[in-house]
Amino acid sequence: MKPAPFRYVAAYSLDHALALKAEHGDEARFLAGGQSLLAAMNFRLAQPAFLIDINPLRDLDYVRRGGSVVRIGALTRYRTLQRDPVVANHQALLAEALPHVAHPQIRNRGTLAGNLAHADPASELPAVVLAVGGKLCARSVKGERWIAVKDFFTGPLSTALDAEEMLAEIELPDLPARTGVCFLEVARRRGDYAMIGVAATLTVDAGGTCVAARLTYCNAGGTPVSASAAAKALVGRRISEKAIGEAAAAAMREIEPPGNVHASSDFQRHLAGVLTRRALAKAHTRAMSAA
Amino acid sequence: MSDERHRVATTVNGTRHQRDVDGRLLLSDFLRHVLGLTGTRVGCEHGVCGACTIQYDGLPVRSCLMLAVQADGHEIATVEGLAGKDGTLHPLQQALRDTHGLQCGFCTAGILMTMTAFLAEHPKPTEPDIREALSGNLCRCTGYQHIVEAVTLAASRMGGRR
Amino acid sequence: MVTRYLGAPITRNEDARLLTGRALFVDDVNLPNLLHAAFLRSPHAHARIKSIDVATAKQRDGVIAVITAADMGDYWRPGPLLVPPPPIRDIVFNQCTQVPLAKDKVRHVGEPVAMVLAESRYLAEDALADIVVDYEALPAIVDLADGLKPDAARIHEDLAGNTAAHVRQTKGNYAEAVKRADLVIKRRFVYDRGASSPIETRGIVAEWDGKADRLTIWDTTQAPVVIRNGIAAMLGLSERQVRVIAPFIGGGFGPKIMMFYPEEVLVPWMAIKLSRPIKWIEDRLEHFFATTQERGQVHDAELAIGRDGKIIGVKDVFLHDTGAYDPYGLTLPINSQCTLLNAYVVPHYDSTFTAVFTNKPIATPYRGAGRQHGVFVMERLLDIAARQLGIDRIEIRRRNFIGPDQFPYNNEIIYQDFAPLEYDSGNYGPVLDKALELIGYDKFVRDPTARRTDDGKHVGIGVVFYIEGTGIGPYEGARIQVQSSGRVSLATGVGTQGQGHFTSFAQITADQLGVDVRDVDVVTGDTDQFYWGAGTFASRGAVVAGNAVNEAAKVVRQKILRAAAEHFECAEADIVIANGKASVAGVSERAIGLGELAQRANPLRGAVKPGTEPGLEATNYFGPARGATANGAHAMIIEVDPATMMIEIKKYVVVHDCGTVINPLIVEGQIHGGVAQGIGNAFYEQLAWDRDGQLLNASLADYLLPTALDVPHIDSAHTVTPSPLNPMGIKGAGEAGAIPVGALFAQAIEDALDLPRHGVEILEIPLSPNRLWELIGPHLDKKEAGSP
Ligand SMILES: Cc1cc2nc3c(=O)[nH]c(=O)nc-3n(C[C@H](O)[C@H](O)[C@H](O)COP(=O)(O)OP(=O)(O)OC[C@H]3O[C@@H](n4cnc5c(N)ncnc54)[C@H](O)[C@@H]3O)c2cc1C
Ligand code: FES
Ligand code: FES
C-alpha cells in the first residue's frame, strides 16, 4: 500500500498554487489535510500525477467573522474549528458535528475545505453545510466565483469546481434568531462514517410557530440529501410531538438511501426517521430556549 | 513518471536530520527506514489503526497519511524521544508497564504519542474522556482496560502537571 | 522452597524495550542491499489462468526479478499438510494444500500469482500494474450448501466434488435415546468467518550468507522451529544451515502459526538465488486475503431433553468452510465437534460434519479455533430448552454440569490432539456461582426497574458457560544456564506474540533457582538458541513450555545443591538457595554466589570427575499426555436502544478456572484481550463477501475492530482447580476470553428485547444493528422502535 509516483510541489503562495492547478488541470490535486487523499493514494485508488501541497499557505488557515457570516479558509483544520469561539457561538451545527468526524489525530490534519472538495456523501460536513446554506468561493487564475452550497455537490466525490479551481473559502451565514439546531448520527463505532446522520435546523417565532426548517442527511445518497418537502411542511405549524412525528415520517418517505455494507436501505430509512424525530425535538427545545 | 528528489530538513526528537527523498515517500517510511527510528509502527497505512501516530509540531497525527517532504521545516516527536536521556521512562510509559497496559506492544508507540499529548491538554481526565481519546488507536491484544488504567495512573502521578 | 514469584502479579521484563521503541519486529530488520517483494494477487475468486505476461514488468527500472509458477521448476510444490486427520473410523479427508504461486487456476481473491522483487516496495508495487494476466472467470463457490450441489463448479478438479472432509463421531446411541426425550429441539445455527487482524501484519526477511552457507530468516511466526525444519527440507539445506528468528511479534492469535505461506516459501528461496536479502511485509489490504481466516459453519443441531431439564442427547450435522485449501487438516471442525459437549453430561452424541472447499481464503485456527461455534450451539440449545421447559436458564446448566467427582471425565470421542476427549479436572458450580454474584444476577432479575432506562433503552442480562481444551502436546523444551555473572539465561523454542513469556518463564525459573526475576534473561523464538519445539498455539505456551522450563530449572537446582554441598563439604539437605546465593543453612557467612558456583562448575584446570557435566545448565522437555481443560463463565448486562439497535455493555464479568496461575496480571490481560476479540466477533466484525467471492469491506475502516469505546470494563475473578496432567497444574488461558462471547451476546440481547415474546430467536453470529433490525424490527411496536 504505497502511493504511485507523482510530482510533488509545495506551493509558496496562493497564486503559485492556482497557476500550477491551471497548468496541470485534472492531472493535479491539491493536498490539504491528506486524510482522504493520501489514504486513497496508498490504496492506489487515486493516482494523481501531480500534487500541489497547500499546507505551506498558512494564511489560508483562518476563521473570520464578517457581518453576519463566518468565513473559513481553505486550510482551516477541524482542530481549529473545534476550538474557535466564533464557530462555537455562531455555527453550532458545525460545532456539534465535528466531534463525529474521525478521531483527534485525523482532526489535527483534516480541513473543512478538503472535506467539502472531496465531496464524500457519507461525510457529516457536506450535510451540515447544506443545512446551514451559504456559499463557497471557487478561485482560479481567472478569478473567483461563488457557488451556492446547494449547487456545489454534484455526485459522489464530485463537485461544481472545475479542473482549475480551488475551494478557497467557505462562507456560512448566521442562523436567524430563535433557531435551534441539532446534528445526530448513528455510526457503528465512534469516528466512523455514519450509517446515517441528520442535520436539523428549526426557527420559530415568538409564539412558537415554525417559520423555517431544514433537514439534511449524510450517507443517504450520492450527495448530501435534503428532505425539503418534509421540512417545509413544518413551516407555519406549532411544533408539537405530532408535528415532529409527521415531519420525520415525511422525511423517511422523501429520502432514498442506497444502503451499504453496514446498513440496508430499509434500515437506513428507519434510522433516518428515528434520528429526524430526535433531532427536531432537540432543535425545538434549543430554539425555544434561544428565544 | 520519474520520482523527483526533495530535500527534507527536519528535527526529530530534538535532532536535526537532512535527507533527499522521493516525493511519494510516506512519512512513516521515512522515519522507520530512512532515519532508522523503527519505534513508530505501521499497521494499516490508511489512517485507521493509529499505530503510526507521531507528533507533528506537537500534535498527534498519522504518519502514514503524510509525506516525508511535509516534514521539511517541522518538528517531529516519536516514541524514541519520550524517555529521559538517563532512561527514566515518561510517567505514561511507566504506568503502562505497571498496569500491564501492553501485550505485543505493537500499538504502544501510537498510543503513547496520542495519549501523552492528550494528558498535556487534559491533566485530570475522566475514564470516558480517556476512552474517547483512545478510540483512534486500535489495540488487538489488551482489550484497552489496562491502558485506560495506565492513563489514569499517569495523570494522577503527574499530579495535574502538564 | 518458598514460592515467591509464581502466582504474583509481576510486571513484565520485556516492557522496557517495547515502551521505548527499541524492540525488534520483523519490519525493523534492515540489511544492506535489501530487496523488496510485492505480490500480484488474483482479482477473481475462481478463474482459470490462460496466460501471464511479465515482460513489461521486468523492464521497469529498479525491478530485479519477476517470478511466476512457471519459473519455479521443482520448487513449485503444494505446501505441507500441517495437521494430518485424526484416527477416526470412516473418516474422509481430501488433502489439497496451498501452492506458492497459482499455476493454472486461482481459487480465492488475493491468491498470489506473481512475485516482483525490486529495489523498494514502492517500485515493486509499480511493477505489479505492468503484469498482464488473462483470466477466464469461473463461478465462485461462496455459500457452503451451494458448494455441495452436484452441479457446483469444482474448486479442485481432481476431486469428485467440493467436499474436503467428512467425519462422524458418536457416543452412546442417539437414535435410540431420542425416543425417550420429553422435548426435542431442532434449530439451524450460523456462525460466520472472521479475520484475526493483529495490528502487526505478517512479514518475512531472508538473508543468505554465501560465505557461511547459512540462511537467516526473520519471520512473524508462532512456530520458528517448525518453519526452520520445513524450509530447510524444501531448500535441500540441513537444519543447521537455517536460522529462523521470530523476534517480537505484534500479535498472532493463530494465523501466524507454521503455515508455510507462499511468501514464507518464496522469499528465502529467492534470497538464495539472487544472493540478496529480501523483505516482504504484508500490507493491510493483503491481510484480508493472504492471511488465513477462521469460522464459517452452519449447524443443524438437535437437543433431546427430559422434562427434568437433563440432557438425553445431542445430534449435530454441520458444514464447515475450509476455504480454498485445507493445509491445517481438521483441527477447526473437530474443535467445534468436541467443544459442543461443553461442561455438560451428554450421554448420547451423534455429530457429523462435512468440510467444504469454497473460493475464500484458507481457514485455520484463530483464537478460539472453532470452539466458540460448539459453545454457541450448545448454549443456545440450552437457553431454548430452558424456556420451553419453564426452567431457569441458570438452573438448567447446573442440572447438567459434570460433577466435581466425575473427573477425569471421558467424552468417548477423539480430540484435535488425537487423544480421547477426556476432561482432566474441574469444579463448575463455584465458577458459575461467582459469576452470578459478580454480575448481580439475583438482584437484576428481581428488580422490575432494571429492564428499562429512563430514555427507553432495554436492558438484559446474560450468563453462559464454556470449556476450553488447552495445552496440548506434543512437547516443548527449555535450556537454563546460570551465567558466571550470576544472571540466568533461559531459551525455549516457542515463539511469543505478546503473552508475556519473557516474564512468566522467568518467574518459574526465579523461584526454582532463588534468583531475582529480573535476573532471568529469556530468549524465545530463535532456532539458534534452542533447537526443538512446536510453537505457540492452542493456549499451550504456558502449559507445555512453562512445565518444560520448570523441569529444566529443577535439574539446575539439583546441580546447584550438589555443587554447593561439595564446596562447603556438607550435605545437600543443608544447602539453602536464595537471593542469588547458595548457603549453608543457619550459617549465613558460608554462602557462595550462583555465578561463582557456575564458574567453579566449569573449571579451566584440574581434573573433572567422570560423569560430571560442566556448568550449571540443564535442558529438559515436557509433553503432556493430553490437553488440560479450562472452564469459565461469562456474564453481562447490556443496554439496547430498540430504535437504533445500538448496544452498550454496562457490566461484563468473567470467572475462569485455568488451574495454577503463574502471573495473574498476564492472565487478566489475556482474558481482556480475548473478550475484546469475542466482542468484535459477536457484534462488529463481519467479512462481507458478495456472490462472486469479492470481499466488500477489505479495510479497517469497514472491517470493524472494537475500539476503547466498544470494549467495556471487565471484572474478572478466578478459581483454581489444578490440572493433574502436568506437575505445575497449569491450564491454558489464551483463548478463554473469546470463546463464549457470541453465545453471551445472543442470550443477553434476546433477554433485553424480550425476543421470545415476539417469537424471535438469535441463532447466528455475528450480529449487528442492521441484522438485529432485520430480525426484530418487524415485531416491535412502532413506538418502541422509535418510528415516527
Ligand atoms: C480513519 C479516518 C476516519 C475518517 N472518518 C471520517 C468521518 O467520520 N467523517 C468524515 O467526514 N470524514 C472522515 N474522514 C476523512 C477526513 O474528514 C478528511 O480529512 C476529509 O475528508 C478530507 O479533508 P482533507 O483536508 O484531509 O483533504 P485531502 O485528503 O487533502 O483532500 C481531499 C480531496 O479534496 C481535494 N482538495 C483538498 N483541498 C481542496 C481545496 N481547497 N480545493 C479543491 N480541492 C481540494 C484534494 O485534492 C482531494 O482530492 C476520515 C479519515 C480517516 C483517515
Ligand atoms: S498505519 Fe497509520 S493509522 Fe494505521
Ligand atoms: S498490545 Fe498488541 S496491539 Fe496493543
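Laboratory data are not the source of any read-out in this text; all were calculated from the coordinates shown. Please read these numbers as outputs of a predicted model, since none were measured by experiment. Note that each Cβ is placed from the backbone with ideal geometry, even for glycine, and that neighbours are counted across all protein chains shown.
Close amide H pairs (under 5 Å, H built 1.01 Å from N) link residue C:135 with C:50, residues at least 5 positions away or on another chain.
Computed over all pairs of different Cα atoms, the Kirkwood value for the hydrodynamic radius of region C:460-508 is 14.3 Å. Restricting attention to chain C, close to 80% of DSSP beta bridges with both partner residues there are antiparallel.
Measuring nothing but how far apart in sequence close Cα pairs (under 8 Å, 6+ apart) lie, relative to its length, region B:5-81 scores a relative contact order of 40 percent.
In order along region A:206-211, the phi-based Karplus estimate (6.51 cos²θ - 1.76 cosθ + 1.60, θ = phi - 60°) of 3J(HN,Hα) comes to 4, x, x, 8, 6, 10 Hz; Gly and Pro are listed as x.
Going by neighbour counts of Cβ atoms within 10 Å, the residues C:504, A:264, C:197 line up, fewest first, as A:264, C:197, C:504.
Applying 0.36 nm per residue to the separation of residue C:136 and residue C:33 and subtracting their alpha-carbon distance, the gain on full extension is 33.2 nm. Membrane-span-like helices in chain B, defined here as complete DSSP H runs extending at least 27 Å along the helix axis by their C-alpha atoms with mean Kyte-Doolittle hydropathy no lower than -1.0, are absent; this is a sequence and geometry rule, not a statement about a membrane. Amide H to amide H, with H built 1.01 Å from N, residue C:697 comes under 5 Å of C:688, counting only residues 5 or more places away or on other chains. Taking a sphere under 11 Å around the Cβ of residue B:64 and counting the other residues whose Cβ falls inside, with K and R at +1 and D and E at -1, yields a net charge of +2. Taking every C-alpha pair closer than 8 Å and separated by at least 6 residues, the mean separation divided by the residue count of chain A gives a relative contact order of 15 percent. Cross-link partners of residue C:559 among lysines, defined as those whose alpha carbon lies under 26 angstrom from its own and excluding same-chain residues fewer than eight positions apart: C:581, C:609.
Neighbour counting of Cβ atoms within 10 Å sorts the residues C:25, C:745, fewest neighbours leading, into C:25, C:745. With an a/c value of 1.5 or above and a/b not larger than b/c for the gyration tensor axes a ≥ b ≥ c computed over the alpha-carbon atoms, region B:1-69 is described as oblate. Per-residue ellipticity at 222 nm from helix content only, as computed over chain B with -39500 (n - 2.57) for each DSSP H run of at least four residues, stands at -8500 deg cm²/dmol. Applying a length cut-off of 24 Å (Cα extent along the axis) and a mean Kyte-Doolittle floor of -1.0 to the DSSP H helices of chain A leaves A:265-290. Ordering C:187, C:367, B:62 from the fewest to the most neighbouring beta carbons within 10 Å gives C:187, C:367, B:62.
Look at the stretch C:667-677: the mean tally of other chain Cβ atoms within 10 Å of its residues' Cβ atoms is 5. If you average the C-alpha positions of region B:117-156 and of region A:48-107 separately, how far apart do those two centres end up, in angstrom? Distance between centres, Cα-based: 26 Å. With only Cα atoms counted, chain A has Rg and Dmax values of 19.2, 62 Å.
Overall form of chain C: oblate. Here a/c, set by the Cα gyration tensor axes a ≥ b ≥ c, is 1.5 or more, and a/b is not larger than b/c.
Helix-only estimate, please: 222 nm mean residue ellipticity of chain A, summing -39500 (n - 2.57) across DSSP H runs of length 4 or more and dividing by its residues, to the nearest 500.
Values: 12 runs with 104 residues, N = 291.
Result for chain A: -10000 deg cm²/dmol, rounded to the nearest 500.
Close amide H pairs (under 5 Å, H built 1.01 Å from N) link residue A:195 with A:186, A:187, A:188, residues at least 5 positions away or on another chain. For region C:449-464, take each phi angle, set θ = phi - 60°, evaluate the Karplus expression 6.51 cos²θ - 1.76 cosθ + 1.60, and give the result in whole Hz per residue in order, putting x for glycine and proline. Residue by residue, region C:449-464 yields 8, 5, 8, 9, 9, 4, 9, x, 7, 9, 10, x, 10, x, 9, 9 Hz. Helical content alone sets the calculated 222 nm signal of chain C at -7000 deg cm²/dmol, taking -39,500 (n - 2.57) per DSSP H segment of four or more residues and averaging over every residue.
DSSP beta bridges fully contained in region C:185-342 are about 85 percent antiparallel. Across region C:497-514, coupling constants 3J(HN,Hα) worked out from phi with the 6.51/-1.76/1.60 Karplus curve, θ = phi - 60°, read 9, x, 7, x, 4, 4, 9, 5, 5, 5, 4, 4, 5, 4, 5, 5, 9, x Hz, and Gly and Pro carry x. Inter-chain neighbour count for C:698-706: the average number of beta-carbon atoms from partner chains within 10 Å of each residue's beta-carbon is 6. Select from C:190, C:709, C:290 the residue farthest towards the positive end of the dipole of the protein assembly as shown; place +1 on Cβ of Lys and Arg, -1 on Cβ of Asp and Glu, and compute about the Cα centre. Going by the Cα projections, it comes out as C:709.
Shielding by partners for peptide C:22-31, expressed as the average number of C-beta atoms from other protein chains within 10 Å of each residue's C-beta, is 4. Under a cut-off of 30 Å between alpha-carbon atoms, report the lysines in cross-link reach of residue A:282, not counting same-chain residues fewer than 8 places apart. Once the sequence-local lysines are set aside, what remains near residue A:282 is A:135, A:150, A:232, A:242, C:457, C:650, C:651, C:782, C:783. Computed over chain C, relative contact order equals 15 percent, with contacts defined as Cα pairs under 8 Å that lie 6+ residues apart.
Past the 26 Å Cα-Cα mark, which pairs from C:50/C:273; C:434/C:731; C:310/C:434; C:211/C:273?
Over 26 Å Cα-Cα: C:50/C:273.
Computed from label points 7 Å out along Cα-Cβ, the spacing between residue C:275 and residue C:701 is 4.7 nm. Judged by the mean number of other Cβ atoms found within 10 Å, the most tightly packed of the peptides C:188-196, C:460-468, C:231-239 leads the ranking C:460-468, C:188-196, C:231-239. Per-peptide packing, taken as the mean over residues of other Cβ atoms within 10 Å, places C:681-687, A:6-12, C:759-765 in the sequence C:681-687, A:6-12, C:759-765 from highest down.
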